[in-house]
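Engineer: Have a look at this one.
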Amino acid sequence: MMLDPGGLIATGLLATMLVTGAVALLVNDLLVAAALFGVFSFAAAAWFAALGAVDVAFTEACVGGALTTILLVAATFRTTRRLDR
Amino acid sequence: MTPYALAAALFTLGLGGMVLLPNLVRKLLAMNVMQVAVIVFFIALATKDGGRVPILEPGETEAIAADFMNPLPHTLMLTAIVVSVATTGLALGLLIRIWRQYGSLDERILLSRLRGSGDDATRHGAGDDATRHGAGEPPR
Amino acid sequence: MIEALAGLLVALPLAGAALMPMVAVLRRRGTRWLAFGLHLLTFAAAAAVFARTAATGEAIAHRMGGWPGPFGIELRLDGLSALIALLVTGLSCFVASAPVDASRGATRRASPVREGLVRGALSMLVAGLVGIAATRDVFNLFVFLEISSLAVYTLVASGGGRATVAAFRYLIAGTAAGSLYLLGVGFLYGLTGTLNMDDLAARLPGVEADAALTAAVALIAAGLAIKAALFPLHGWLPDAYVFAPAPAAGFISAVMAKVSAYALLRLLGETLRGIPAGAMALETMVWLGTLGVLVGGGMALAQRDAPRMLAWSSVSAMGAILLAVGIGSPLALAGALFHVVAHALAKGCLFLGVGGLAETLGAGDRRALRGLGRRAPWTAAALTLAAFSMIGLPPTAGFSSKLLLLRASLAEGGPAGVAAFVALLASSGLAALYFLRVLEGIWFRPRPEGRPAQRLPRALAAPVLSLAVLVLLGGVFSAVVEREFVSGAVEAVAGATADER
Amino acid sequence: MKARLRAAAAALILGGLFVGLLAGVRDLPPIGDPSSPASTHVSPRFIEEARRETGALNMVTAVLADYRGYDTLGETAVIFAAGLGAFVILAASIGGPRRETPGPGLSHRVDSLLLDTAARVLAPFLLLFAVYVLVHGHVSPGGGFQGGVLFGLGLVTLRLVWGPPRPDRAASRFGPGVRASFLLASAGLLAYIAIGIAAMAFGGAFLDYGVLPLGQDPAHVRELATLGVEAAVFVAVSGTVAVLFETIAVGVAETGRPLPNEDPAPVEAREEG
């Protein structure tokens, strides 16, 4: 169950974080950005779990993956989806 | 890619986004990225080669420090995650207010609209700004 | 018994923060006196703790959960922490009973429910600030930093309108600051394995990792410097102070940045003092503070809007305080702490008064204050006193604190000391220019035609007057203030350094 | 021109930050080193003694709710502060002059058989799982905060399919209304503080659970009190999650009652933006 922190999967998760994190800041649609941010959070959570921080992983999945994403989506209903204005 | 390097990269990315991106929602997303970077850093600190998840089996009573991941940074990061979601929630509230009042979430547009309305006119209008700008509903 | 009080110092306002919104939502009224009572009670506790530390010269500690030292979290109130706690809780009493939406003046009052909610946020802010002052744990300090930050964003945003934008910018700057600080704490933890300040101070000199230590110190210093509005990281301050509702602005401008300056003093001046990077950060702070004194003063001179002028003068004052913290000699620290007290009283008075007046008038332009002297001589006199204190004229508290600061920078010598000395003198000159301009209008100009008569809401008038009296007393009895209030605080942090010199 | 100069300066500073951070982390003990200061100072006590001293199998829970329980109190305060802040910022005043239109937002039920059915099936399990997470925080990952978030999300799910609270009532058919949620959140924070003060009343320090008269074995007493604290966090967090969702997605009145909403806009109309 434990992954080698330097192993392939862990590195892949870190790369995923970097890519989704960067792209989430650049896309022009808030819903897409929120979804990307969700992926970012889940990758982070998986990486935390791989390093034995199961509590942190659980929390990050609940909060970053679910709650923050839901709040972001909810906010689009009262603001705008477009991120260029 | 070592976790520390990734944490540094994400932290810089987040801080840069907060400073450079003009859209307020993007600033908020960048803020979250930066906070995750800090968490990555702490979790990497907590690892020990050959360490276990810091939870004992029900029958276990004795534990040796070297066998388990360091639980302290994990605890700290639980708190940090809470702080980050709390800040995000409050910030979204502010964003909705700003959108309703000024019809924009872009720093540059906001700045020009704020300047156009002048300090004194808006200081005291509190929530009435949307009507002051001649539109009951912000442009969608 | 007294240890129990130290433990309650944070718990009381925190309970208030939960209780007042509850009462407001359920009963819709009664929060005003509840708030006043709770803040007064907290102040009494802080005063008792302060009196004890002043009498014995010893710190009062409270181990949370009963766990010792680095394993649990310890609150410790020494002379310095107790002074800050006293200042925060004392000032909160002045604004606790003010109507939250004095900003809307006579035309519109906030609903009682909203008032209760905002009072809850004020109580939360007090809890966070006292917590920062009391804790000995660097991570716990981060938690309290965030508690106070969230509360202060709420207070600023409750002004509505442009305040919302100001609050968002403050939030972004504040969160960046918090994350920088937390990352710095992470570096310290990775190097020493501890979060307790005393334990850190003991273990850090043995650490051989200069680059990591430098990174830690730089991150922590940068994070706290943003919060303390050290030039050039002060960007969030003017808008936040100007657009917050008057009572909130009075309290925030009086204590918010100063508590972060306290944290800088505590960490750089005490915990991290033993390492080279810490000394370097302090040196940098002297120069940046000096620049901030000048830039803040210059910008204040350029403003037409009276509250905005006051906000920029805060940037200048924070520069003065931080440059003295950077110098770090006992004399400079005495000056810094005296200035913290003097500036908190005077700036609180000015922001409550000018903010309240400007908002009832519907304009912040300083010309709107013309003719105030005839219309409301007491208010005008109070504001004049506070302005004298800001300039540094006798017999006000600001004179005594400026004098200490000037002496300290002269005693320091060297290019930094001379630069600081010149900047401090120049800032007094600039302050004289921009304040006398306003005072001249208040006393010698007629009220402009077509403007409504200025009137300070009664709930603000009492705090303004009493703060002005305190400013005067602080100046007249400056020796007492220095001996009874400041010296114990200086000893607490610089006891070791005093021996060295 | 000025903007470009500023961007260049920012890029320079950020580059410096990145390089500085990289230099800094290279100086830290290597990742995974069991003999690093972080692994050998302070933290061994949490690993080796937590079971005996606090009764918790999960060391993270032991540190969170006991050794560093004060941090967790602060954490609860932070989350409550967010709910309070969103309430202050977004709640519209009713009665006084109308400052804000209730606006679009999710002020209607989502009409979809699929969603409805899914939520009906899912929500009870979510709520139940949330309670499980709370109670099992001692022996497995989880605890008050995670459970609270899940419980709050469960309430939100129900809220989404069953529609908004009726304007004339404080509570919707299922799940508490925002007013009740807000009261719950403050009650949770108050309960946490009350546990801390109760310990002082029995002669201990703030949050010193050991002195509470709950039994003979101190570890067991601490375990029970920890559960109490976690429950307080659970209540505060689930209340706040509901408040945050309600204020951000829907909008409420200052009294905590839902905004009276006139004809809610159909879904299509809202998604043009």
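The values are calculated or read from the model by the stated rules, or taken from the named source; none is laboratory data. No experiment lies behind these values; they were computed from the predicted model shown. In this analysis, Cβ positions are derived from the backbone assuming ideal geometry, glycine residues included, and neighbour counts consider all displayed protein chains. These area figures cover heavy atoms from the full protein model, side chains too; ligands, DNA and RNA do not enter into them. Shrake-Rupley method; radii C 1.70, N 1.55, O 1.52, S 1.80 Å.
Engineer: Does A:V63 satisfy the condition of being facing chain B (nearest Cβ under 8 Å), at pLDDT 90 or above, part of a helix (DSSP H, G or I) and open to solvent by less than 30 Å² (accessible area, probe 1.4 Å)?
Structural biologist: When the stated conditions are applied, A:V63 does not pass them.
Engineer: Given the criteria closer than 16 Å to C:V23 by Cα, of a type in the set (D, E, K, R) and modelled with pLDDT under 95, does C:R109 qualify?
Structural biologist: So C:R109 does not fit the description; no.
Engineer: Looking at A:T76, A:T80, which one is open to solvent by 10 Å² or more (accessible area, probe 1.4 Å), within 11 Å of chain D (Cβ to nearest Cβ) and touching a residue at least 40 places away in the same chain (Cβ under 8 Å)?
Structural biologist: Only one candidate passes the filter, namely A:T76.
Engineer: Only one of B:L105, B:L29, B:L15, B:L21 is open to solvent by 10 Å² or more (accessible area, probe 1.4 Å) and more than 10 Å from chain D (Cβ to nearest Cβ). Can you tell me which? Break it down into steps so the answer makes sense when it comes.
Structural biologist: Working: B:L105 fails: open to solvent by 10 Å² or more (accessible area, probe 1.4 Å); B:L29 fails: open to solvent by 10 Å² or more (accessible area, probe 1.4 Å); B:L15 fails: more than 10 Å from chain D (Cβ to nearest Cβ).
Matching residue, one of B:L105, B:L29, B:L15, B:L21: B:L21.
Engineer: Look through C:L436, C:L403, C:L393 and report the one residue that is outside any helix (DSSP H, G or I) and either at negative phi or open to solvent by 10 Å² or more (accessible area, probe 1.4 Å) (or both).
Structural biologist: C:L393
Engineer: Let me ask something else about it. C:A134 - would you say it is at the interface with another protein chain (Cβ under 10 Å from one of its Cβ atoms) and crowded, with 24+ Cβ neighbours inside 10 Å?
Structural biologist: No: the conditions fail for C:A134.
Engineer: Within segment D:185-221, which residues are open to solvent by 10 Å² or more (accessible area, probe 1.4 Å), facing another protein chain (nearest Cβ under 10 Å) and within 23 Å of the chain's Cα centre (by Cα)?
Structural biologist: Hits for segment D:185-221 are D:A187, D:L190, D:A191, D:A194, D:I197.
Engineer: Turning to a different aspect of this structure: Only one of (1) more than 22 Å from the chain's Cα centre (by Cα); (2) open to solvent by less than 10 Å² (accessible area, probe 1.4 Å) is not met by C:F421, so which one is it?
Structural biologist: Going through (1) more than 22 Å from the chain's Cα centre (by Cα); (2) open to solvent by less than 10 Å² (accessible area, probe 1.4 Å) one by one, C:F421 breaks only (2).
Engineer: Is one or more of the residues making up segment A:30-37 under 10 Å from the mean Cα position of the chain (by Cα), more than 23 Å from D:H136 (Cβ to Cβ) and open to solvent by 10 Å² or more (accessible area, probe 1.4 Å)?
Structural biologist: Yes, segment A:30-37 contains at least one residue that is under 10 Å from the mean Cα position of the chain (by Cα), more than 23 Å from D:H136 (Cβ to Cβ) and open to solvent by 10 Å² or more (accessible area, probe 1.4 Å).
Engineer: Only one of these conditions is not met by C:H62: (1) in a helix (DSSP H, G or I); (2) buried (at least 19 other Cβ atoms within 10 Å of the Cβ); (3) within 12 Å of chain D (Cβ to nearest Cβ). Which number is it?
Structural biologist: Condition (1) is where C:H62 drops out.
Engineer: Check whether at least one residue in segment B:65-72 is touching a Gly at 6+ places or on another chain (Cβ under 7 Å) and at the interface with another protein chain (Cβ under 7 Å from one of its Cβ atoms), and report yes or no.
Structural biologist: Yes, segment B:65-72 has at least one match.
Engineer: Quick test of your reading of the structure: A:T69 fulfils all but one of (1) out of contact with any Phe, Trp or Tyr (no Cβ under 9 Å at 6 or more places or on another chain); (2) without any contact (Cβ under 8 Å) to a residue 40 or more places away in the chain. Name the failing condition by number.
Structural biologist: Failed condition: (1).
Engineer: Continuing with the same structure: Look through segment A:13-29, keep the residues that are more than 8 Å from every other protein chain (Cβ to nearest Cβ) and assigned to a loop (DSSP other than H, G, I, E, B), and return whichever of them is surrounded by the most Cβ atoms within 10 Å (Cβ to Cβ).
Structural biologist: Looking at the filtered set, the residue picked out is A:V27.
Engineer: Next question, about the same structure. Given the conditions (1) farther than 30 Å from B:W99 by Cα; (2) touching a Ser or Thr at 6+ places or on another chain (Cβ under 6 Å), and given that B:F42 satisfies all but one, which numbered condition is not satisfied?
Structural biologist: (2)
Engineer: Assuming B:D49 fulfils every condition listed in (1) within 25 Å of A:L8 (Cβ to Cβ); (2) touching a residue at least 12 places away in the same chain (Cβ under 8 Å); (3) out of contact with any Lys or Arg (no Cβ under 7 Å at 6 or more places or on another chain) apart from one, which condition is it?
Structural biologist: Of (1) within 25 Å of A:L8 (Cβ to Cβ); (2) touching a residue at least 12 places away in the same chain (Cβ under 8 Å); (3) out of contact with any Lys or Arg (no Cβ under 7 Å at 6 or more places or on another chain), only one is false for B:D49: (2).
Quick grid of which residues meet (1) within 30 Å of C:G356 (Cβ to Cβ); (2) in a helix (DSSP H, G or I); (3) facing chain D (nearest Cβ under 10 Å); (4) open to solvent by less than 10 Å² (accessible area, probe 1.4 Å):
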{"residue": "C:S148", "(1), (2), (3), (4)": "yes, yes, yes, yes"}
{"residue": "C:T154", "(1), (2), (3), (4)": "yes, yes, yes, yes"}
{"residue": "C:V165", "(1), (2), (3), (4)": "yes, yes, no, no"}
{"residue": "C:I172", "(1), (2), (3), (4)": "yes, yes, no, no"}
{"residue": "C:L180", "(1), (2), (3), (4)": "no, yes, yes, no"}
{"residue": "C:G186", "(1), (2), (3), (4)": "no, yes, yes, yes"}
{"residue": "C:Y189", "(1), (2), (3), (4)": "no, yes, yes, yes"}
{"residue": "C:A202", "(1), (2), (3), (4)": "no, yes, no, no"}
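Engineer: Could you pull out the residue among C:A346, C:A342 that is under 17 Å from C:P247 (Cα atoms) and in a helix (DSSP H, G or I)?
Structural biologist: Matching residue, one of C:A346, C:A342: C:A346.
Engineer: A follow-up question, please. So, B:G50, is that one surrounded by fewer than 24 Cβ atoms within 10 Å (Cβ to Cβ) and of a type outside the set (D, E) or not?
Structural biologist: Values: surrounded by fewer than 24 Cβ atoms within 10 Å (Cβ to Cβ): yes; of a type outside the set (D, E): yes.
Judged against the criteria, B:G50 is a match.
Engineer: So which of D:L12, D:L17, D:L64 is in a helix (DSSP H, G or I), loosely packed, with under 15 Cβ neighbours inside 10 Å and of a type in the set (A, V, I, L, M)?
Structural biologist: From the options D:L12, D:L17, D:L64, the qualifying one is D:L12.
Engineer: Something else now. Across segment A:47-60, which residue is nearest to B:G51 (Cα to Cα) among those that are in contact with a strand residue (DSSP E or B) (Cβ under 8 Å, 6 or more places away or on another chain) and surrounded by 24 or more Cβ atoms within 10 Å (Cβ to Cβ)?
Structural biologist: My answer is A:G52.
Engineer: Conditions: (1) within 30 Å of D:H138 (Cα to Cα); (2) away from chain D (no Cβ under 13 Å); (3) open to solvent by 30 Å² or more (accessible area, probe 1.4 Å). A:A44 meets all but one. Number of the miss?
Structural biologist: (3)
Engineer: Something else: Taking segment D:26-35 as the region of interest, how many residues are touching a Pro at 6+ places or on another chain (Cβ under 9 Å) and at the interface with chain C (Cβ under 7 Å from one of its Cβ atoms)?
Structural biologist: Selection size over segment D:26-35: 1.
Engineer: Please work out if A:F42 is more than 26 Å from B:A66 (Cβ to Cβ), under 12 Å from the mean Cα position of the chain (by Cα) and not in a loop (DSSP other than H, G, I, E, B).
Structural biologist: Yes.
Engineer: Tell me yes or no: at least one residue of segment D:153-170 is modelled with pLDDT under 85, of a type in the set (S, T, Y) and crowded, with 19+ Cβ neighbours inside 10 Å.
Structural biologist: Within segment D:153-170, one or more residues are modelled with pLDDT under 85, of a type in the set (S, T, Y) and crowded, with 19+ Cβ neighbours inside 10 Å.
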